[in-house]
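J.: First the structure, which I've put down as structure tokens, then a few questions once you've had a look.
Quick note: the coordinates plus some simple rules give every number you see, no bench work behind them. Bear in mind that the values here come from a model prediction, so they are computed numbers and not experimental data. Every residue, glycine among them, receives a Cβ derived from its backbone with ideal geometry; neighbour counts consider all protein chains shown.
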Amino acid sequence: MHPETLVVSAARPARQVDAPVNEPVHFTSTFVGWEPDSAGQRRLYGRMSNPTWDGPEQLLAALEGVQDPAAQPALLFSSGMAAITAALHLAPNGGRVVVPQHAYQGGISLLDSLQQAGRLAVDRVDITDTAAVTAAVAGTGAGSPAGPASILWLESPTNPMLEVADLAALTQAAHAAGALVVVDNTFATPLVQRPLELGADVVVHSVTKYLAGHSDVVMGAAVTADAELHRRLHAHRTLHGAIAGPMEAFLALRGMRTLALRLERAQSNAAELARRLENARADGSLPLAAVTYPGLPDHPQHGLAAAQMHGGFGAVLTLVVAGANGAGDAEAASAAAADAVVQQVRHWLPGTSLGGVESLIERRRRFEGEPATVPSGLLRLSVGIEHVDDLWDDLAAGLRAAAR
Ligand SMILES: Cc1ncc(COP(=O)(O)O)c(C=O)c1O
């Protein structure tokens, strides 16, 4: 079945007279049962399972290419960070995690705190340098502690630099070194990229973003086809208690019904805006120092992205606003101009996060934890599903006004 059909038709109640079309929300903390091993009892208690989780968990596993999503459903978590925490827990005490230099900042901060606590060692790498990542995972890279890593953590495209990692090659190298591979697939979604089919062991998602899609839910998920990893992730969720609420699970499934449509429009808007912005940068008609989108032919990993991503290149793009000519501190001038754009636009909403129907814009370096390698004047744009001309007119006017 095509994913476009799957998102609409999977996880519906049985087709029988008077059955509801949608699975109702099950607000319950406990389930009836007499003995610990009551015949056939599967549910027991609301921290272990909830029937409202079943639909989104099976649908997400099916979208990620798990062969038997009823046996190995995805595991919903209370947030993307809770799913990331559970996946990092797969590393043994004293293990080493190799992670991209640029990646979701919350995950990086969590790794920093685990390193400070002595729980894990962390190596940050340029994820586009396959040879260097391979050496870091094997423990043979310059400055890398001896011994193989426990986990290779991948994100592609990366947040916010939109670098593209060679998922298949890196997964193969990590497995040769005995490391698990976890991929944060939030930016691409399983409609565009399926890391498990490229060999990855676990995929994590911030369901908050494209999957739920309406900026009204915070939720995460972990997906694996490996029964033992599934058991460990499930045990972590049950024991640490970071479960999804039933209402959020209902909203996530409702959002996933339109994932294919939303993504199609958002990706075509992003591709068109990237093309117009790049033309405006090249002819100097807008104050732009850089435009980055994996779908642009001059993106450094465009060929890899075209081979690895299907049906689009995601709906996040970045631009670096050029500061006033001759400004003493070029970085500060670029940051000031970028802030002015965010102030000027009327249609784009200033805010963090991504993947909702509405277009969002933010200057990433306003966050203290953002690495200094991210340009001060970089704006991250999460492109929504509005009419592309309205988005363009507003953004171009904001850039022109900021240049004055
Ligand atoms: C790529 C990525 N992974 C994970 C997360 C964390 O997800 P959540 O905010 O749902 O905890 C985010 C949130 O911004 C993200 O962008």
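J.: Of GLY80, ALA242, LEU229, which is farthest on the positive side of the dipole of the chain, counting Cα position, with +1 on Lys and Arg Cβ, -1 on Asp and Glu Cβ, and the Cα centre as origin?
T.: Farthest along the dipole direction, towards plus: ALA242.
J.: Just need the Rg to Rh number for the chain, please, alpha carbons only, Kirkwood Rh.
T.: Taking Rg over the Kirkwood Rh, I get 0.99.
J.: Gap in Å between the Cα centre of the stretch 326-365 and the Cα centre of the stretch 41-62?
T.: 40 Å
J.: If you add up the charges near VAL202, with Lys and Arg at +1 and Asp and Glu at -1, over every other residue whose beta carbon is less than 15 angstrom from its beta carbon, what do you get?
T.: It works out to a net charge of -4.
J.: For the stretch 222-321, what is the convex hull (Cα atoms) projected area averaged across all directions, in square nanometres?
T.: Reported value for the Cα convex hull: 9.6 nm².
J.: Same structure again: Work out the length of the dipole vector of the stretch 1-61 about its Cα centre, built from +1 on the beta-carbon of each Lys and Arg and -1 on the beta-carbon of each Asp and Glu, and round it to the nearest 20 debye.
T.: 40 debye
J.: Looking only at LEU198, LEU239, LEU286, which one moves most when the chain is put into a Gaussian network model with springs between Cα atoms under 10 Å?
T.: For the chain, modelled as a Gaussian network with Cα springs under 10 Å, the answer is LEU239.
J.: Taking Rh as the Kirkwood radius, which is the inverse of the mean 1/r over Cα pairs, what is the Rg/Rh value for the stretch 75-125?
T.: Radius of gyration over Kirkwood radius for the stretch 75-125 works out to 0.95.
J.: Once the other residues with Cβ under 10 Å from the Cβ of PRO287 are scored (Lys, Arg +1; Asp, Glu -1), what is the net sum?
T.: So the surrounding residues net to +3.
J.: Report for the chain the percent antiparallel among DSSP-assigned beta bridges with both residues inside it, nearest 5.
T.: Given both bridge residues lie in the chain, the antiparallel proportion sits at roughly 55 percent.
J.: Related question: Taking just the alpha-carbon atoms of the stretch 259-403, what radius of gyration and Dmax come out, in angstrom?
T.: Over the stretch 259-403's Cα set, Rg and Dmax evaluate to 14.6, 47 Å.
J.: Taking the 0 to 90 degree range and rounding to the nearest ten, how far is the long axis of helix 105-116 tilted relative to the main principal axis of the chain, both from C-alpha atoms?
T.: Roughly 70 degrees, rounded to the nearest 10.
J.: Counting Lys and Arg as +1 and Asp and Glu as -1, each charge on the Cβ, what is the dipole of the stretch 259-403 about the Cα centre in debye, to the nearest 20?
T.: In debye, rounded to 20, the stretch 259-403 gives about 120.
J.: Taking the Cα centre of the chain as origin, work out the dipole magnitude from +1 charges on Lys and Arg Cβ and -1 charges on Asp and Glu Cβ, in debye rounded to 20.
T.: That gives the chain a dipole magnitude of about 460 debye.
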